[in-house]
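Beneath this line is the structure, given in structure tokens, with notes to follow.
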Amino acid sequence: MRHLGLAALALFILLPLVQAILLSFTATLPTAMQGSIGLMNYRGVLATAELRAAMVNSLIYVTLNVALCIGIGLPAAYALARYSFTGDRHFLLAILVFRVTPPVVLSLPIFILFSQVNLVNSPVGIALVHCLFNLPVAIWILESFIRAVPRAFDETAHLDGHSGPSFFFRHLIPQIAPGI
């Protein structure tokens, strides 16, 4: 009975996804026979130059966003996890509080700033805005993963002659790879 209930729940959850996939293969273009199954819709969509440009822009800003969040968030998370300084816990709380700030509050100042440096409607500008809101969460998650690695691991690597960057890339990043 339990398996039947789980199967019914899975069917209920997956039915909209299955329907969307089936509809994506059903012809809707006036040039094809309505209701036939095939790849006509995908060919029609990928033939549009504007859509291909939009996909390239999306790929660019997502790649930039991920690179910025990891490139900035990883050293910041390491500093918060390993070093004690005045206000370190307050700083972590402040960046999380910034994350719950509604994006609409910051939209006008960001627009004014980006219009002055010609970043409006550019993939770099979009990546920077997304990074602004994703970075606090990235730091928070990475900080907890780094804190889970014992400090003795760092000290042992330094005793073995690893420099800071060598330890970071050869030992720490593989240890926290699931968090990244």
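A few points about this structure:
- With the convex hull of its Cα atoms as the shape, segment 53-116 has an orientation-averaged projected area of 6.2 nm².
- Once the C-beta distance of VAL97 and VAL120 is scaled by a Förster radius of 35 Å, the resulting FRET efficiency is 0.80 to the nearest 0.05.
- Label-to-label distance, nm, for residues given as ALA10 and ASP88 (7 Å Cα→Cβ offset): 4.6 nm
- For segment 102-177, the normalised intensity computed at q = 0.17, 0.18, 0.20 Å⁻¹ comes to -0.74, -0.76, -0.83 (log10 of I(q)/I(0), Debye sum over alpha carbons, equal scatterers, no solvent).
- Using the 1.4 Å probe convention, the accessible area of the chain works out to 69 Å² per residue with neighbouring protein chains retained.
- Convex hull volume of the Cα atoms of segment 1-93, normalised per residue: 204 Å³.
- For segment 52-180, the share of accessible area belonging to carbon and sulfur comes to 71 percent (1.4 Å probe, ligands and nucleic acids excluded).
- MRE, 222 nm, helices only [DSSP H, n ≥ 4, -39500 (n - 2.57), over the chain, to nearest 500]: -24000 deg cm²/dmol
- Considering only alpha-carbon pairs that sit under 8 angstrom and 6 or more positions apart, the relative contact order computed for the chain is 22 percent.
- Estimated dipole of the chain in Debye, rounded to 20 [Cβ of Lys and Arg +1, of Asp and Glu -1, Cα centre]: 280 debye
- Accessible-area value, LEU51, 1.4 Å probe, nucleic acids and ligands omitted, Å²: 60 Å²
- One way to sum up the overall shape of the chain is the equivalent ellipsoid from its Cα gyration tensor, whose semi-axes run 42, 26, 18 Å, largest first.
- Packing-based ranking, highest mean first, of 63-75, 1-13, 82-94 given that Cβ atoms within 10 Å are counted: 63-75, 82-94, 1-13
- Neighbour-limited loop hits for chymotrypsin sites (Phe, Trp or Tyr not before Pro), segment 107-180 (at most 10 other Cβ within 10 Å; DSSP other than H, G, I, E, B): none
The values are calculated or read from the model by the stated rules, or taken from the named source; none is laboratory data. Only a predicted model underlies this, so the values are computations on that prediction, with no experimental measurement involved. Note that we place each Cβ from the backbone using ideal geometry, even for glycine, and neighbour counts take in every protein chain shown. In case anyone asks, the SASA skips ligands and DNA or RNA and just uses the protein heavy atoms, side chains included. Shrake-Rupley method; radii C 1.70, N 1.55, O 1.52, S 1.80 Å.
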